[in-house]
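Please read the structure below before turning to the comments.
The values are calculated or read from the model by the stated rules, or taken from the named source; none is laboratory data. Keep in mind the model is a prediction, meaning the values are calculated, not measured. Using ideal geometry, Cβ is built from the backbone for each residue, glycine included, and neighbour counts are taken over all protein chains shown.
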Amino acid sequence: MRNFTFFHWQRSFEMKRETNNNEIDLLLRRLGRREDAGAPEASIDGEHLDADELSSYALNALPAASRARYTAHLAECSVCRKLVTELSISLGAATVAEQAKTAPVPGGLRKFLASLFSPMGLRYVAPVLGAVLVMVVGFVVLRQQRRAEKSSLVAQLPEHRVNESETARDSGAKADAPNAAANHDETYHNTPGKPTEPKPSGTPGAEATRTGAGAAPPPAAKEPATDTPVVAQRQVQELPVLQPSTTAKPTGGGDAQKKADETAAKKQPETVTVEARNSEVKDQAREPVKTAGRTEKFENADRITIAGAADRKNEPANKNKPTAAAPAAGVASVVSRGDLARRRAEKEREADRDKRAANEEESEETKRLAKDEKVETETRTVAGRRFHKQRGVWVDTAYDSAKDATTVHRNSEQFRGLVADEPAIRTIAEQLDGEILVVWKGRTYRIR
Amino acid sequence: MKPENQQIEQLVNHGAGRLLARAADSRSLGVETLAPRIMAAVQKYLLRDDPATPTAEVTKFIDEMQADDLCLIIACERGDENAWHDLVERFTATVRSAARSASSNEDAAEDLAQSIWAELYGLRVRDDGRPASKLAYYSGRGSLAGWLRAVVAQLAVDTFRKQSKLVQTEEDADLDRLARDAQLTDAHSFAATSGPTPEQSLSNRFAQTDLQAALSKSVQQLAAEDRLLVKLYYFDNLRLREAGAVLGVHEATASRRLTRIQADLRKRVSEILVDERGWTHAEAERSFAEVAQHLETDLESLVREESF
């Protein structure tokens, strides 16, 4: 009740103040009409202001004391007042005094933050920042999920698989480490130029699709078996490299990825086992991938994909080998078959996830490239000034959104006066269409 | 010479050297040529209001002068043909644009522009036989373009005054008569429209007169900048944005300032009516409301007449 009373009182006070101002406004208008009808021309010491004083006043180029003196004269002299008014409007005098009085020039970070939160900045920067934030959160969540799945997968791994994987790894691991490193470096320095094409699903080795894999090339001819350990090791290195990361960023990822390689390689020895036995893997790896804009990254992806397919193809052989190697392993073979099926299902699920993540990355990267291309084509240099087109407005690169801009309409008297003084601005207005924000001699003009 | 004058002279000489150094084209001028001009500007805009201006302020004043424009004008004064050629080439468009703004037609604008160049070149001769050039009045504080516009505007006003003094047309006479009649009508409008008694109308007229007089006095008592804003907005009928441009403030600032001024004026008018005219506060409040209501009626009737 008290709040309502206070609000009511406040409202009535504001209405009364508005009424009072309206009354005095009407009285002042009447006074103005009467004074205008019969006021004599006043002057200080019998003289009017000279052209230098008038122009300096209109341009805000006077010290405070002399400006105050001329203000007092202008308040009394309608002739000089009219001249100063015309000059101020035609010269488009910026509110230098106002800006100098109100805000100090902010430093680097504050200026940057101020530009971010200015209306122009908010229009462009806020949505971009929001999208970046969503991407980062999604990436972190996805990565955590994969780690959790990987750790559960490792926990289910049977012991004999671990032993075989160590044997295969020792044969070629050390010799081929530099090659593997070079391969995954190349992977992350590739620049995809085409949108994502759907890869065949259910491929266990499809981690590489996250780096933006495109079309899957057909299987190639077989190669001699002597390269098997090298190729296997390369793929061993590649699989763990690609798995932890969901981005295709080329810089700064080399060392971290190498560490991830080693960690993942240790955690998934069963992968080594499967790939090491595939002599066909190297055959398909040697096949040149003829897709525009793609390089080693997609070759690797395809290699692994095909390796995964070969893996499934050779599964029965793999299954049989442990059985053959262990003559008394009737029970063991039944257990391993069940394990294999489970592992296959898990790998298929993981491959699906990886494929989805790779598709997302590809589309994001495509959007970023398209935006860059769009920005690059919407830049022009006129009269020594460089302009970017943003949302239909040609914006000078020197434009500071923290400063006020003087709006000038083409074909207005103000515009004619401006271009008469500054012909370069006419050139800019003629060569650039639509709205222009140009910074000229320390002042910002918005030409419409 | 007083020590202060010596100090100022030293500051001016050093300032002239800096000015020449930052000019893109100093036009072979020397410190001794520039110093007198700078000294005149310092005297006019600084020392006249405050003879004890700090040296830092004098230095800042000189460093903010338009170096290239000042060198160009002084070179023109000294008869440098190249400088004249540059002046005409750079500022013909400016002068023409200003002349067009100040004139009613193209021919008048062309005549005005030609007159300007004659004035600048000093075709008129003074009483002492020396050419009277307006170039001597450019101090270098504002831009040369702005100064030229001001010169054109002043010459246009002088020309118009001369022409209007020669002939007062019948039309002007009729307008004067109408203006006088309008003033009389204002005074009697209340009686004509609402029909009070003669005593009431006389009393109201005195109230209006007192109110207007108190308002006029209150406006005169405002600070110079506030008074200028009131004159620009109410007397010259400028928009707030234009009035703000003259004062060098943003439109929003001008609006806030005007609101404050209105409140101050109302308060001051009430004080004058109570203290000097013997009114009561209630009478003052009532008078405000009544006069405003009548003014609104007048405005409405004016608008209706114009629409017919």
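General remarks:
- Scanning segment B:40-63 for residues that are part of a loop (DSSP other than H, G, I, E, B) and within 10 Å of another protein chain (Cβ to nearest Cβ) yields a count of 4.
- Scan segment B:69-98 for residues that are within 12 Å of chain A (Cβ to nearest Cβ), surrounded by fewer than 23 Cβ atoms within 10 Å (Cβ to Cβ) and either over 19 Å from B:Ile116 (Cα atoms) or small (Gly, Ala, Ser) (or both) and the total you get is 1.
- Selection over segment A:61-74 of residues that are at the interface with chain B (Cβ under 7 Å from one of its Cβ atoms) and more than 18 Å from B:Thr59 (Cα to Cα) gives a count of 5.
- Checked against the criterion of being free of Cβ contacts under 8 Å to residues at least 60 places away in the same chain, surrounded by 17 or more Cβ atoms within 10 Å (Cβ to Cβ), of a type in the set (S, T, N, Q) and away from every other protein chain (no Cβ under 14 Å), segment B:31-38 contains one or more residues that satisfy it.
- Looking only at segment B:220-239, and only at residues there that are more than 7 Å from every other protein chain (Cβ to nearest Cβ) and surrounded by fewer than 19 Cβ atoms within 10 Å (Cβ to Cβ), the one that is farthest from A:Arg30 (Cα to Cα): B:Ala223
Here's the yes/no breakdown for (1) at pLDDT below 70; (2) among the basic types (Lys, Arg):
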site: A:Val331; (1), (2): yes, no
site: A:Glu348; (1), (2): no, no
site: A:His388; (1), (2): no, no
site: A:Asp400; (1), (2): no, no
site: A:Arg410; (1), (2): no, yes
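- Meets criteria (within 26 Å of the chain's Cα centre (by Cα), closer than 23 Å to B:Val152 by Cα and not in a helix (DSSP H, G or I)) for B:Ser104: yes
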